[in-house]
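Right, one structure below, let's go through it.
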Amino acid sequence: MAIPEQESAANGTGPALSHAGVGTAAWVGRDIPRKDADRFVLGHIDYTADMIAPGTLRVAIVRSSHAHARIGRIDTAAASAAPGVVAVFTGADVRACSAPMPTRVPRERFPGPVDIWCLAADEVLYVGQPIAAVVATSLNDAEAAKSLVEIDYDMLEPVLDAAAALAPGGALARADWPTNVVARDTIRQGDLDRAFQAAFRTVGGEISFGSGTSAPMEPRCYIADWDDRASHLTLHGTLQQPHPTRWMLAQVLGLREAQIRVVAPPAGGTFGLKMVGHPEEALVAILSRELKRPVAFLESREECFLANAREQTHRFEIAADAQGRIIAFRNTIVADVGAIGAGGGWVMAMVTPTVFPTVYDVPNVAVDAVAVTTNKPPWQGIRGYGKETANLVMERAVELIAVELGMSSIEVRRRNLLPKQAFPHRLPSGLNLDSGDYAPALDQLLDLFPLDEWRQRQQDADSNDKRIGIGFAFDLTPEGASFPGSMQAGFETSTVTVDPTGTVRVATSVTSPGGGNETGIAQIVADVFGLLPDDVTIIQGDTDITPFGTGNTSSRSLMFGGAAAVLAARELKSRVAACAATLLQAEPGELVFAQGRICVDADADRSVPFKQAVSTIYTHAYSIAADIELPLQVIKTYRSPNIRHVPDEFGRISAYPSFPYSVHAAAIEIDVATAQVRVLDYAAIHDCGVVVNPGLVEGQFRGAVAMGIGAALWEELLYDESGATRTNRFKSYVLPRAPDLPRIRMGHRVTPSPFQPLGTKGAGESGFGGAMSVITNAIADALGEHGRHVNRVPFKPDRLLPLLAGALS
Amino acid sequence: MSRPSIDLALRLDHRDVVAHVDGRALLIEAIRDLGARSARIGCLTGDCGACTVLLDGQPVKSCLVLAAAADGREVVTLEGSASAIAETVRRAFIAKKGFQCGYCTSGMILVAIDLLEAFATPTEADIRSAISGNLCRCTGYDDIVSAIADAAEQLSAKAATRESPEIF
């Protein structure tokens, strides 16, 4: 099969991979189909739930019906005697045979003790917290016996919102903590008071965000199989982070890592949900070891809606000079992060403040953030990871100051965007923006989005019946999170092997939740060796055969796992080149690897098949290949040079190495009578540096946009007065469906990252915050003068109707 | 101990199968236990469409059907779906990247096949309407819509080729 010439994948400033130096870029930049695509369309992919073997015990979990209480007596006798039931476990049982779950950030960072057990041992902290596990031979029997478990509760006062959590002398969400404040951050740059005094115009506002959840189509599932004779545990699960999960299990079970194998089969989406730290990960492992039988937990959709996130309030103020330059921005953030569990979801609240003032060059910045714990379910990771709310608040602030200045908000953006030559650029939080080219991206967007046409349609619409709104928004998405001291340590590792027949194997610590990074990694490794992506097999999600790393979070897979694979592949390539040089009587530096052959650069007739050079190494280890290091296997870890964990002169670290951005435009229509919002048109320009596979990047970006539109308009977790999740099915937590969305038009811009060997930045998460922001700005625009009162996301009809009434009066 | 159980006989992906199942079982649970794993469980409330199968030729959400109600009937899942249209739709889903995680794909493809069997030239709105009962969280639907539109075009082109001798 001939390898076609590289196609231009993207508009923008540079040829794909211009400086990458990995050889001929035959595959990077090409929109090739997914690896294993046939298996997907034939229905032959097995997800975790497909691997529950006959005879596996099933768990149903009895969950707290109260937001805050001490657990009294638990009577499991009736449940234990129910049909099919094998055992009923409580927190006391778990405590007798295991250790607490380690938290993803060190426990000493919390203001009080954090002994987290997979079944609540004493105090329950939210409605839905696991209290008892009913294990039965079938899921139906386990579920049926749940209601027979009797639990006595001693009620404690629940803390159900941030205001109550911060009220002096108010109730405590955890009885043994002295405060509800989990963490604070204070970010300062410049002289705020002076800037606000000197300002030509200032304006402030408040924006609050409802709770959201990731809701992947595949619910969570864990299958534990303890081999008692070998003292060995195998856990299959819906896991983004198999190595951190093994780390967690080793501590809970008191085992060595070598006694545990964690396998992450293909996942049906995660969007942050399936990071390490869910109680059921530990629970099934404990149950299997105690019962000496395989045990599976399969999450119900209702349970999946216990994953909470994002509820927060921002109070901000922005100042500009007479030329429209933003000279100051300040913001106070209060986030209600729910109960603290073993996972790191609450960390999202501490990412938000670090993103300001996003893509704008603002000399004076102050951000104060506080995260409080309450008796709502714990935050779980969700796409955006806190960056989305920062972008939305910044984009609202820009709109508001534009109104005060009497300028178009597009012009205000132009006057304040960081110019290309300003990079690398230090944000007030210490984050070091790697590169960007923002203003030309805005120009590119205006070519894609017919602004004048939409303004005309807006004028022509009868504003008492339908209102059209037009919005713009930038989105800056820090990617590749690397938090010091945590199990998000920020490096990834790949082992590359060239096998005797000349095929290549990459075992990497990054997992694939469905975005297709395995295909992208195969493309970049194929280019190193001049092979086809089909010649490269990617192995992921098995702690026995993949090296240690964080897994799949923060769009790190190609950026870190791919980079590690390229570093390893380059070293192997030099070994194969040494052998080929002997066979061809040439110097290694003269050799080019392309189309499955190794040829002398100046003399294409002198060549040897790649397979033959490899075979020679394997079969002539004492002669021709005597000087070539064996095995043909190299393991490399990639650490980004743009991560800095040593505090700078302001005491700040930089925990994200890569800063993809996008700029969005949307036109929406609000039905005045019903407050239903329809998205009429949507366009965006996205820049994630060098694009390895445009189809994969575009697909994920469109998915992020769809999710952002949902988060702006329809998706909200609601809690009743007792703290119970009211929105527990897709009928009440409303995801976008196909007819709800317009076609999302997008273009690329390519500003390679100077810090990453391939020039790539994170892709996959990026775009979500921009979509939330652009819809918010479009709704405010539709409300005209009254748009300044927009102060709550999402815009469900009950919140939009009063705003519409205000706009009409 | 009295758990209601029933004997179930049905034709599943062109094979006659019999099973002894819990009387409370849903069709999706029964067929997955019988090995038809390409039908996925996403919600069990009829909202997501991941469990879509053809029951006597009609697409149904198999979480909304009791297993007992399928006795004596024919069930086809994605794995059993084989026709020229099915093959064209599958190829189009690969070419247009009509899936990411793949969890909704079984339902999406079966619904697309059903649409194109009934209606050779759907508009984009028709396609979006046809898949409105199936949730996808990865793609934002554009690539799925493109895949189905692409399959429709290919099928129309093939049909035109076949018909052309009569036209001219």
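Only the coordinates and a few stated rules stand behind these numbers; no lab work does. The shown structure was predicted, so the numbers you read here are calculated from the model rather than taken from an experiment. Here the Cβ positions follow ideal geometry from the backbone for every residue, glycine too, while neighbour counts run over all protein chains shown.
In order along region A:401-417, the phi-based Karplus estimate (6.51 cos²θ - 1.76 cosθ + 1.60, θ = phi - 60°) of 3J(HN,Hα) comes to 6, 4, 4, 4, 7, x, 10, 6, 5, 5, 5, 4, 4, 3, 6, 10, 5 Hz; Gly and Pro are listed as x. Nearest 10 degrees is fine. How inclined is helix B:84-95 to the longest principal axis of chain B, computing both from alpha carbons? Approximately 80 degrees, to the nearest 10. Coupling constants for region A:245-257 follow from the phi torsions by the Karplus curve (6.51 cos²θ - 1.76 cosθ + 1.60, θ = phi - 60°), and in residue order they are 5, 4, 4, 5, 5, 4, 6, 5, 9, x, 10, 7, 3 Hz; glycine and proline get x. Checking the Cα-Cα distances for A:Lys573/A:Lys761; A:Lys731/A:Lys796; A:Lys420/A:Lys761; A:Lys146/A:Lys731; A:Lys35/B:Lys96; A:Lys35/A:Lys611 against a 18 Å cut-off, the pairs over it are A:Lys573/A:Lys761; A:Lys146/A:Lys731; A:Lys35/A:Lys611. Working value for region A:491-639: equivalent-ellipsoid semi-axes of 29, 15, 12 Å, each the square root of 5 times a Cα gyration tensor eigenvalue, largest first. From least to most packed, judged by other beta carbons within 10 angstrom and beginning with the fewest, A:Met707, A:Met407 follow the order A:Met407, A:Met707.
In this structure the amide hydrogen of A:Met101, modeled in the peptide plane, comes within under 5 Å of the amide hydrogens of A:Ile116, A:Trp117, A:Cys118, none closer than 5 places in sequence on its chain. Taking the Cα centre of region A:677-797 as origin and assigning +1 to Lys and Arg Cβ atoms and -1 to Asp and Glu Cβ atoms, the resulting dipole is close to 220 debye.
I'm checking a number: the convex hull volume of the Cα atoms of region A:168-273, normalised per residue, in Å³. What is it? Please report the intermediate quantities before stating the final value.
Values: hull volume 26.6 nm³, N = 106.
Cα convex hull per residue, to the nearest whole number: 251 Å³.
How big is the gap, in Å, between the Cα center of region A:440-457 and the Cα center of region A:389-426? Answer, in whole Å: 17.
Computed from Cα atoms, the angle from the helix B:105-118 axis to the main principal axis of chain B rounds to 60 degrees. Along the axis of the charge dipole computed for the protein assembly as shown (Cβ charges of +1 for Lys and Arg, -1 for Asp and Glu, origin at the Cα centre), the listed residues A:Val592, A:His686, B:Cys101 are led at the positive end by A:Val592. Sorting B:Lys97, B:Lys158 from the fewest to the most surrounding beta carbons within 10 angstrom yields B:Lys158, B:Lys97.
Taking other C-beta atoms within 10 Å as the exposure proxy, A:Trp27, A:Trp177, A:Trp379, A:Trp247 rank A:Trp177, A:Trp247, A:Trp27, A:Trp379 from fewest upward.
Please report the relative contact order for chain A, taking Cα pairs under 8 Å with a sequence separation of at least 6, and give it as a percent rounded to a whole number.
Values: 2075 pairs, mean separation 131.3, N = 809.
So the answer I get is 16 percent.
Dipole size in debye (nearest 20) for the protein assembly as shown around its Cα centre, Lys and Arg Cβ +1, Asp and Glu Cβ -1? Each step should come with its number before you reach the end.
Working: 88 positive and 112 negative charges, 224 e Å.
Here the size comes out at about 1080 debye.
Which order, highest average first, do A:256-269, A:52-65, A:301-314 follow once you tally other Cβ atoms within 10 Å for each residue and take the mean per peptide? Don't skip to the answer; put the middle values down first.
On the way: A:256-269: 20.9, A:52-65: 18.6, A:301-314: 23.9.
Highest-to-lowest ranking by the protection proxy: A:301-314, A:256-269, A:52-65.
Under the classification rounded if a/c is under 1.5, otherwise prolate if a/b is larger than b/c and oblate if not, where does region B:1-58 fall, given a ≥ b ≥ c as square roots of the Cα gyration tensor eigenvalues? Intermediate results must be reported in sequence, preceding the final value.
Details: a/c = 2.14, a/b = 1.21, b/c = 1.76.
Judged from the Cα gyration tensor, region B:1-58 comes out oblate (a/c at least 1.5, b/c at or above a/b).
Within the listed set B:Ala120, B:Ala92, B:Ala151, the residue fluctuating most in the Gaussian network model of chain B (springs between alpha-carbon atoms under 10 angstrom) is B:Ala120.
Taking square-rooted eigenvalues a ≥ b ≥ c of the alpha carbon gyration tensor, is region A:518-562 rounded, prolate or oblate, where a/c under 1.5 means rounded and, failing that, a/b exceeding b/c means prolate? The partial results should precede the final answer.
Numbers: a/c = 2.66, a/b = 1.55, b/c = 1.71.
Since a/c reaches 1.5 but b/c is at least a/b, the shape of region A:518-562 is classed as oblate.
Listed values for region A:176-193 are Karplus-derived 3J(HN,Hα) couplings in whole Hz (6.51 cos²θ - 1.76 cosθ + 1.60, θ = phi - 60°), namely 9, 9, x, 8, 8, 7, 7, 7, 9, 9, 10, 10, 9, 8, x, 10, 5, 4, and x replaces Gly and Pro. Starting from the Cα gyration tensor of chain A, take the square roots of the eigenvalues, sort them a ≥ b ≥ c, and report rounded, prolate or oblate (rounded when a/c is under 1.5, otherwise prolate if a/b is larger than b/c, else oblate). Verdict is oblate for chain A. Please give me, ordered by residue number, the chymotrypsin sites (Phe, Trp or Tyr not before Pro) of region A:609-650 that lie in loop per DSSP and have at most 12 other Cβ atoms within 10 Å. Passing sites in region A:609-650 are A:Tyr622, A:Phe650.
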